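Everything on this sheet refers to the single structure shown next.
Laboratory data are not the source of any read-out in this text; all were calculated from the coordinates shown. If you're wondering where the values come from, they're calculated on a predicted model, not measured in any experiment. Because the Cβ atoms are built from the backbone with ideal geometry, glycine has one as well, and the counts that use them run over all protein chains shown.
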Ligand code: SF4
Ligand code: SF4
């Protein structure tokens, strides 16, 4: 028997907030109890493995984002710049440096110091960021090196390149396990690890099912509004039953919204994809600029690379947990992370078709060369090769000094005017 | 004009010529030859050489060209070397490249590799993933496999297998090149008045712009002539210049610095000097290359190796070169360089080593400010050490 409508609608928001609060509570408590905390990153967090050792997981990208959403990033960034960081360094890094230099005092709670840092190389800045903590706290830093997409050599998941990469990652996983055992004094529990993998499998399937619901016209959620919460919960609760339960509820709610014909953006007129990230220091404004034209983001590369690399079909083979974990990490690095950030044209092509997209917004952010460097080129490629209109705007993730409202608004408005004309001629 | 001056004039002309004249000459002599470009920092050029190809270094264009087309393809807040390297290709100046390899040094370069892939469908563009977990017991195995992958690509494009015999000969050739460059750096350290910073830079940079056989001959000739140079030792401060691992400071900026200081060591074009000892020519040669990258090598902000903490490595470079101070530079918009600069300057501060922090861009043309800063810095130190 399904739950009554009023119970289903709005669950996502309530439950998302509850889970977020719970995470902050856990972090703040760890400051007192000294429970081991691992600092990890969204892309390649190794959450399934670290959970097996009961680490509290701090995601500094999320804490930096939240500082910006609370409108306080400027002050934190300034602290980092006073310490010596250049105005041209990633704002996520600087917001966190500001946070660490304030002894972890965050608008939402307190951040414990790291007992361990696990970083992937999917963003090279992750490594430099980790080195800051290494200098400040002398904590161990483990780089989980995930070789990325290398064109046709990585297309074959039975090929020599994939096998070489997977062997390397498996070897590193064993080294990471040893390190975790040393830090926590616990033995690695393979059965527990398997349970976390099983939960991640469930989450991945549900996450993709949720993304699929947005193929519906009108779209039941906005990929840059609700989508950001989904990404957050997917990180914080990856591999845990609460995480899978949450996505079960989200899926139910989306199905209910579709049944009732509810749209994320009332009077939906334009269906968009976001390539890159949004601007958190002007989050509401960013969304409003598009929504006021009836523009809804039905998908984003952000939901792929910052959503855990859960590509359709993502599944761990539970009969060979470690080996399979290594293989999935490599595949995620190929397709989910580096593929969707550096070679997104094929993915875009498919999404434009399947999600009935009218246009693409490419948002370059100064903080993030990882995501933004070649966006003007992809925009041009999609326009010339696929006749899909694109808008390119620039600001930042978290640095409010880089938001130029009039400029962004002018470009967005001009884009929608052109999009309306394009839509009329192509009858998309 | 004496021999040395003529050589350095020619080298300067070569380094500042965006048409790659030595490559074009090689192609005239080897009409079937293929050229492999590699972006900063390190690429095992021996592999390309053993495949019968000419490996060259793509390290930006300095201020020698106008960047137009690349600006339409790359976001505004990206360093200059990424844009100007792309511009070289978009403007047809690299039309001789059959293969372009971009190592995974940083976010901007990896992402820009995607732009190259989309822009040049007829060129083979590859990202080379060097290990960032250099201390892992599995890194050498992995990198051996990755180098073999690159080897397979070059075999396919070059149309001939890379035999052990060829690879051994190529490694020996490049070992010799690195040995000669180490000799250049020994002179810089021991008798910096014999060789200016600009001249030593030209000697290194040109290695990536011409066939290594020629470059070795050139280095031998220079090393023969240098001890006889009539230049006299002057009372100048001895500094290490750090921050030239990727984007290159303009030659005139080095000239301004050398007016006030002796640069006794640096990380300029470190990729061409990355391997610090001979690569063994016995056993599994691919493995030897991988092992040398990881275990017989220098350091840079874009390689993570906990066995070589970068600030400590810089302090060592200063100590071993007998420098009294350091210039810690970073290229504008260079995320890893700017981040490392913070740690470098704090470590120098803690060690009580005087240092000057600066930012540069390869396209800079005005150096009064830099000149003034360096002069003031050097004078204050001369006074202090007097
Ligand atoms: S560069 Fe981009 S991906 Fe990397 S830490 Fe900064 S915002 Fe995140
Ligand atoms: S200068 Fe810095 S940011 Fe630019 S390519 Fe080199 S390492 Fe990357």
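Quick notes on this structure:
- Potential lengthening between residue B:25 and residue B:259 on full extension [0.36 nm per residue; Cα-Cα distance subtracted]: 80.7 nm
- When the Gaussian network model of chain A links Cα atoms closer than 10 Å, the mean-square fluctuations of A:338, A:301, A:161 top out at A:161.
- Rg/Rg_globular for chain A, with Rg_globular taken as 2.2 N^0.38 Å and Rg from C-alpha atoms: 0.95
- Pairwise FRET efficiency - residue B:137 versus residue B:228, Cβ, R0 = 51 Å, nearest 0.05: 0.55
- Nitroxide proxy distance, nm - points 7 Å out along Cα→Cβ at residue A:186 and residue B:156: 4.5
- Averaging the Cα positions of each part gives two centres, and for the range A:63-92 and the range A:371-428 these lie 26 Å apart.
- Summary value for the range B:64-157: 21 percent relative contact order, contacts being C-alpha pairs under 8 angstrom separated by 6+ residues.
- Ordered by the count of other Cβ atoms within 10 Å of each Cβ, fewest first, B:314, A:9, B:181 give A:9, B:181, B:314.
- Prolate/oblate/rounded call for chain B, Cα gyration tensor, a/c under 1.5 rounded: rounded
- Contour minus Cα-Cα distance for residue B:284 and residue B:5 (0.36 nm per residue): 96.2 nm
- Relative contact order [Cα under 8 Å, 6+ residues apart], chain A, whole percent: 18
- Span from the the range A:267-339 Cα centroid across to the the range B:266-298 one, whole angstrom: 39
- Principal axis analysis of the Cα atoms in the protein assembly as shown yields extents of 94, 61, 56 Å, listed in decreasing size.
- Prolate/oblate/rounded call for the range B:11-162, Cα gyration tensor, a/c under 1.5 rounded: oblate
- Using a Gaussian network model of chain B in which every pair of alpha carbons under 10 angstrom is joined by a spring, one finds that among B:58, B:353, B:257 the greatest mean-square fluctuation is at B:353.
- Sequence-separation-based contact order of chain B, relative, with Cα cut under 8 Å and 6+ spacing, percent: 20
- When chain A is treated as a Gaussian network with alpha carbon springs shorter than 10 Å, the biggest mean-square fluctuation among A:404, A:73, A:324 belongs to A:404.
- Between residue A:105 and residue B:368, the modelled label-to-label distance comes to 4.5 nm, taking each label 7 Å out from Cα in the direction of the beta carbon.
- With the simple model of a label 7 Å out from the Cα in the direction of the Cβ, residue B:213 to residue B:179 spans 1.9 nm.
- Cα gyration tensor shape for the range B:298-371, rounded if a/c is under 1.5, else prolate or oblate: oblate
- Degrees separating the helix A:375-386 axis from the principal Cα axis of chain A, which is the longest one: 50
- The residues A:329, A:382, A:262, when put in order of fewest to most other Cβ atoms within 10 Å, stand as A:262, A:382, A:329.
- Against chain B, whose longest principal axis comes from its Cα atoms, helix B:251-260 is set at around 30 degrees.
- Extension gain for the segment residue A:175 to residue A:315, taken as residue separation times 0.36 nm less the Cα-Cα distance, is 48.1 nm to one decimal.
- Residue A:346-residue A:404 FRET efficiency (beta carbon distance; Förster radius 30 Å; 0.05 resolution): 0.40
- Between 0 and 90°, nearest 10: helix A:124-137 axis offset from chain A longest Cα axis: 40
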